[in-house]
Amino acid sequence: MKFRSIKGTKDILPAESAAWQSVEGVVRTVMADFNYREIRTPVFEQTSLFARSIGELTDIVSKEMYSFLDRGEDSITLRPEGTASTLRAYIQNNLAEQSPMVKLYYLGPMFRQERPQAGRLRQFHQFGAEAIGSTSPQLDVEIIAIPIEIYRRLGISDSRLKINSVGCEKCRPTYKELLTIFLLNLKDRLSPESHLRIQSNPLRVLDSKDENDIRLTATAPLIKDYLCQECRTHFDEVRRLLGAINLSHEIDGRLVRGLDYYTKTAFEVTSASLGSQDALAGGGRYDLLVAELGGKPTPGVGFAAGLERLLIVLDKLGKNNFIETSPDLYLVSLDEATRQWAFVKAMELRGKGMRVELDYLSRSIKAQMRDANRQSARYVLVVGEQELKSGRGKLKQMSSGTETEISLENIAVPQ
Ligand code: HAM
């Protein structure tokens, strides 16, 4: 029988690991620069946590979750995103008691049963951050600045920032009514999917990818024009602060996001290097979510970004020259006695922090040299009967071909 990986999942092979590790390294460095601390939550949670936070009627909850009954008959779901789990952990572990302002980040796999295509997987990876405890627009802008700083450090120049305000519990209901009336006038001409959403989730109609829907709703009322004073002031301040740190942005009044927990700011960062799935990162404010999940009413704002999509962009822009680690030294042995010696010596040197490789296939000297070359070993030491007897050998630098005589007792390679 032949086994294959599940559709929409990917193996990250050794040749790709250098890119993953470098990008993860930049993510961790930037998160530390912004003083966000890492949180690692389980990859599965109670299904109701996601239904309650992301929203029963969203695509994610209604058709994309990997949910199953465990042996105790509880409904469990593989996390489709990180915000719900992070806030669950924040509430459960009383993190608010340690500090009124909590800044957390995460990095790991997420699961959504979407139709796989370029940039869209069923197991994908996100990095993200959540700033919990303050309504300050400074935090909205800090959260927006994190992914953009990560992209800047990686050399991405083609990202675009789109922002909107989706209002709050005060201004949204009136706007929703207006939008519903507008949509009801069009209802028979909208796509079946948008038609269904008119009553259940009218804002999402604005997010339809159907060209006819987009044309028909071109003159739809937009929430940004119906904000209450508080939301308007907040939005204006976010825009002013983006200007103060020179982050160019455009307002996209149709940006509503696919998760229901947002209030006030919503944003997305896109890249022209991606195809139809062009969102590199997305996020926004969620001032009602902590209370919705059973915590004390606490405001928050956050973002998440796809790692696979980031790697696609780096590839497209040719910013993908990540250096794989390679052996410092390759020990070439010529017979059984030297193979024994090389094995013990390799262990000793590795214990001192040197990256050492040797031959396990009793290959010819030529084949071993080829292997050292393929593995990009920096130095090679060929050891035969002669070298073992004299206790001396020739250390060859592969890049220059220069040979230096050294003592086998005391092997060191220049950095
Ligand atoms: P999201 O927009 O659903 O937001 O996902 C954020 C990012 O994850 C997307 O922009 C995209 O780069 C990546 N992504 C999403 N789905 C897939 C997929 N199927 N395959 C590959 N990449 C994907 C959230 O998840 C929110 N939790 C963001 C947030 C945090 N809001 C507040 N805090």
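Could you derive backbone 3J(HN,Hα) for the stretch 213-222 from the dihedral phi with the Karplus parameters 6.51, -1.76 and 1.60 (θ = phi - 60°), listing whole Hz in sequence and x where the residue is Gly or Pro?
Ordered by residue, 3J(HN,Hα) equals 4, 4, 5, 5, 9, 4, 9, 4, x, 10 Hz.
So for E292, E16, what's the accessible-area order with a 1.4 Å probe, most first?
Per-residue accessible area, sorted high to low, gives E292, E16.
For R71, R392, R309, R37, give the ranking by accessible area with the largest first, probe 1.4 Å.
R71, R37, R392, R309
Using the Cα centre as the reference, give the magnitude of the dipole from point charges on the C-beta atoms of the chain (Lys, Arg: +1; Asp, Glu: -1; all else neutral), rounded to the nearest 20 debye.
Rounded to the nearest 20 debye, it is 520 debye.
Residues with amide H under 5 Å of Y379's amide H, sequence separation 5 or more or different chain, H placed in the peptide plane at 1.01 Å from N; which?
Residues meeting the criterion, in which the H sits 1.01 Å from N, are L329, Y330, M398.
Amide H of R392: which non-local residues (sequence gap of 5 or more, or other chain) have their own amide H closer than 5 Å, using H built in the peptide plane?
The answer is L408.
Would you grab the residues whose amide H sits under 5 Å from the one on D287? Only those 5+ places off in sequence or on another chain, please, with H modelled 1.01 Å from N.
Answer set, sorted by chain and number: T263, G300.
Considering only the other residues whose Cβ falls under 9 Å of the Cβ of L274, what net charge follows from Lys and Arg at +1 and Asp and Glu at -1?
+1
Under the rule a/c < 1.5 gives rounded, and otherwise a/b versus b/c splits prolate from oblate, where does the chain land using the Cα gyration tensor?
Judged from the Cα gyration tensor, the chain comes out prolate (a/c at least 1.5, a/b above b/c).
Let me know the shape class of the stretch 7-166, please: from the alpha-carbon gyration tensor, a ≥ b ≥ c as square roots of the eigenvalues, rounded when a/c is under 1.5, otherwise prolate if a/b is greater than b/c, or oblate.
Oblate is the answer for the stretch 7-166, as a/c is 1.5 or above yet b/c matches or exceeds a/b.
Applying the Karplus parametrisation 6.51 cos²θ - 1.76 cosθ + 1.60 with θ = phi - 60° to the phi angles of the stretch 298-309, what ³J(HN,Hα) value in whole Hz is obtained for each residue in order, glycine and proline being reported as x?
So the J values, rounded to whole Hz, are 9, x, x, 8, x, 8, 9, 9, x, 6, 4, 5.
What chymotrypsin sites (Phe, Trp or Tyr not before Pro) does the stretch 331-391 have in DSSP loop regions with at most 12 other beta carbons within 10 Å?
Answer by residue number: Y360.
Given a Förster radius of 60 Å and the C-beta distance between Y360 and I245 as r, what FRET efficiency does 1/(1 + (r/R0)^6) yield to the nearest 0.05?
0.65
Could you order R152, R4, R28 by accessible surface area, starting with the largest, using a probe radius of 1.4 Å?
Descending accessible area places them as R4, R152, R28.
For the chain, set up a Gaussian network in which alpha carbons nearer than 10 Å are linked by springs, and say which option among P137, P100, P327 fluctuates the most.
P327
Can you bin the stretch 329-407 into rounded, prolate or oblate? Criterion: square roots of the alpha carbon gyration tensor eigenvalues sorted a ≥ b ≥ c, rounded for a/c under 1.5, prolate for a/b above b/c, oblate for the rest.
Rounded is the answer for the stretch 329-407, as its axis ratio a/c remains below 1.5.
Given a 1.4 Å probe and the protein chains all in place, what does the accessible area of L184 round to, in Å² to the nearest 10?
70
Going through the stretch 87-186, which GluC sites (Glu not before Pro) have at most 11 other Cβ atoms within 10 Å and a DSSP loop state?
E169
Give a residue-ordered list of calculated ³J(HN,Hα) values for the stretch 52-62 (Karplus: 6.51 cos²θ - 1.76 cosθ + 1.60, θ = phi - 60°; whole Hz; x for Gly, Pro).
The phi angles translate into 5, 8, 6, x, 3, 8, 6, 4, 4, 6, 6 Hz.
Among bridges DSSP assigns within the chain, what percent are antiparallel (round to 5)?
Of all bridge pairs located within the chain, approximately 80 percent are antiparallel.
Given a 1.4 angstrom probe, I'd like the percentage of the accessible area of the chain that is carbon and sulfur, rounded to a whole number.
50
Anyone know which of V290, V256, V382 comes out most mobile in the 10 Å Cα GNM of the chain?
So, out of V290, V256, V382, the one fluctuating most is V382.
Could you list the residues of the stretch 99-126 with an amide nitrogen less than 20 Å from a label point located 7 Å from the Cα of L196 in the Cα-to-C-beta direction?
112-116
Take M347 and N212, extend 7 Å from each Cα along the Cα→Cβ direction, and tell me the distance between the two endpoints in nm.
7.3
Could you identify which residue out of G253, G275, G391 has the top mean-square fluctuation in a GNM of the chain using Cα springs shorter than 10 Å?
Greatest mean-square fluctuation among the candidates belongs to G391.
On a 0 to 90 degree scale, rounded to 10, what angle separates helix 172-184 from the longest Cα axis of the chain?
Orientation of helix 172-184: about 80 degrees from the principal axis.
Please work out how much accessible surface H195 shows to a 1.4 Å probe, ignoring ligands, DNA and RNA, in Å² rounded to 10.
Looks like 70 Å² after rounding.
The values are calculated or read from the model by the stated rules, or taken from the named source; none is laboratory data. Note that the structure is a prediction, hence the values are computed from the model and not measured. Using ideal geometry, Cβ is built from the backbone for each residue, glycine included, and neighbour counts are taken over all protein chains shown. Ligands, DNA and RNA are excluded from the accessible area calculation, which covers all protein heavy atoms including side chains. Shrake-Rupley method; radii C 1.70, N 1.55, O 1.52, S 1.80 Å.
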